[in-house]
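Notes follow once the structure below has been shown.
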Amino acid sequence: LEITAMAKTHGQLEVWLDDLLTGKLLAKIPLNATGENNWKAFNKSIDKVTGQHDVFVKFQAGPPQNIYIKSIKFVNK
C-alpha cells in the first residue's frame with residue numbers, strides 16, 4: 001500500500017476494508033511531518049486481499065487540515 005501525503009505535523013492514518021466499525025483494519029500508517037507543500041510517499045506492507053471491497057481512510061484525531069492525501073495505490077511488489 002502506498003499513500004502519497006503531506007503532513008504538517010506527525011500523524012497516523014488507518015486504512016479499513018468494508019466498514020470503519022466492523023470491517024478489517026488493513027494498515028496503520030504513521031506519517032512523519034513533511035512540511036507544507038512537501039508530498040511524500042508512505043509505504044506499508046499489507047496481507048493479500050482478494051475480491052471487491054470498499055476502502056476507508058480514518059484520520060487520527062488532531063488539528064484540522066493537518067494531513068492531506070494526494071493518492072492511494074495498491075501496488076504488487
Counted residues in region 1-20 being in contact (Cβ under 8 Å) with a residue 60 or more places away in the chain and of a type in the set (D, E, K, R) come to 1
All but one of (1) of a type in the set (Lys, Arg); (2) surrounded by 14 or more Cβ atoms within 10 Å (Cβ to Cβ); (3) in contact with a Ser or Thr (Cβ under 9 Å, 6 or more places away or on another chain) hold for LYS44; which doesn't? (3)
Return the total of residues in region 27-77 being in contact (Cβ under 8 Å) with a residue 40 or more places away in the chain, part of a loop (DSSP other than H, G, I, E, B) and of a type in the set (Val, Ile, Thr). 2
The number of residues in region 16-26 that are in a strand (DSSP E or B) and either over 14 Å from ASP47 (Cβ atoms) or open to solvent by less than 70 Å² (accessible area, probe 1.4 Å) (or both) is 4
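The values are calculated or read from the model by the stated rules, or taken from the named source; none is laboratory data. A quick note: this is a predicted structure, and the numbers were derived from the prediction, not measured. Cβ atoms come from the backbone with ideal geometry, glycine included; neighbour counts cover every protein chain shown. Side chains are part of the model used for accessible areas, which takes the heavy atoms of the whole protein and leaves out ligands, DNA and RNA. Shrake-Rupley method; radii C 1.70, N 1.55, O 1.52, S 1.80 Å.
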